[in-house]
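Comments concern the structure below.
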Amino acid sequence: MKKQMTPQMLKQIKSFWKWFEQNEMQILEAFTTHTKHDEVFNQLNRKLSYVSKRIGFILVGRKSNSEKVKLIITAHGYKKLYPKVNGMINNAPKLSNWDFQAFIQPNTNIDVFKQGIDKPYIFQDFELKTSELYFKPLEFNTFQKKMKIVIYLKNYKYHFDNDSIEEAVYIIIQDLIGEENFKKTIDLVQLAQLPDNPKSLVHLYELQEYIDLLNKLDRRVKIEI
């Protein structure tokens, strides 16, 4: 049965967007110039938590001043949160500087990753390029249709104690395969330093092919790699 939007939920959502409209230029400036970055985004997180503590957001930057900034509202694959995420997008204001999107959608164009011409994800104190990430499957659970994987990063040895890097990798994976697929399929993600010779590893942008392979396996066993 489809969950309906309650009056209280709608009130919380409209309150959030009212605050967002009043502060949109401050949020835009914090994102594009890092002015008062922590202060502004801590407040944005707090306001969003009034709608749901488990809903998150991702901002996708613009390459020029003429492009809009995309604000993605994510449920991190939790289906119970889908009505709230859809409710937020359905009630989002029309703003000239912003596009609003529900859920992290899978990226179907992997040619830019194969060519190594993808733009890096810029986080607060590090950058990651999808084309430079590799993975190795640890286990295929063909009964539950889930995988355990290790993700290899170039400079992980310099950032292993950064609390944000794991979340950043999760975002990149979800951007490749979609947040619902991530929640349904990936059981465990470990991070590791990329070795000097990664020939035995698989490009992360090929992860969907491995998921497709997993879904075709009929044996109800755990296959450890």
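The values are calculated or read from the model by the stated rules, or taken from the named source; none is laboratory data. What you are looking at is a predicted structure, and each value in this text was computed from that prediction instead of being measured. Here the Cβ is made from the backbone with ideal geometry for all residues, glycine too, and neighbour counts use every protein chain on show. The accessibility values were calculated without ligands, DNA or RNA, using every heavy atom of the protein model including side chains. Shrake-Rupley method; radii C 1.70, N 1.55, O 1.52, S 1.80 Å.
For region 1-155, the relative contact order works out to 15 percent when only alpha carbon pairs closer than 8 Å and six or more residues apart are counted. Enter the Cα centre distance for the pair region 77-148 and region 179-225, rounded to the nearest angstrom. Centre-to-centre (Cα) distance: 16 Å. Between LYS14 and ARG46, the contour length at 0.36 nm per residue exceeds the alpha carbon distance by 10.0 nm. Computed with the Debye formula from one identical point scatterer per Cα of the chain, without solvent, the log10 of I(q)/I(0) at q = 0.09, 0.12, 0.16 Å⁻¹ comes to -0.43, -0.75, -1.21. Loop-located trypsin sites (Lys or Arg not before Pro) in region 69-112 (DSSP state not H, G, I, E or B) with no more than 12 neighbouring Cβ atoms inside 10 Å: LYS94. Computed from label points 7 Å out along Cα-Cβ, the spacing between LYS36 and ASN65 is 2.1 nm.
Could you give the dipole magnitude of region 133-225 about its Cα centre, charging the beta-carbon of Lys and Arg +1 and that of Asp and Glu -1, in debye to the nearest 20?
The calculation lands at about 440 debye.
With the simple model of a label 7 Å out from the Cα in the direction of the Cβ, MET25 to LYS114 spans 4.6 nm. Rounded to the nearest 20, the Cβ-based charge dipole of the chain about its Cα centre (Lys and Arg +1, Asp and Glu -1) stands at 1120 debye. The share of accessible area on region 47-189 that comes from carbon and sulfur is 46 percent, using a 1.4 angstrom probe.
Computed with a 1.4 Å probe over protein heavy atoms only, the accessible surface of the chain comes to 60 Å² per residue. The alpha-carbon of LYS199 sits under 14 angstrom from the alpha-carbons of these aspartates and glutamates, leaving out residues fewer than 8 places away in its chain: GLU132.
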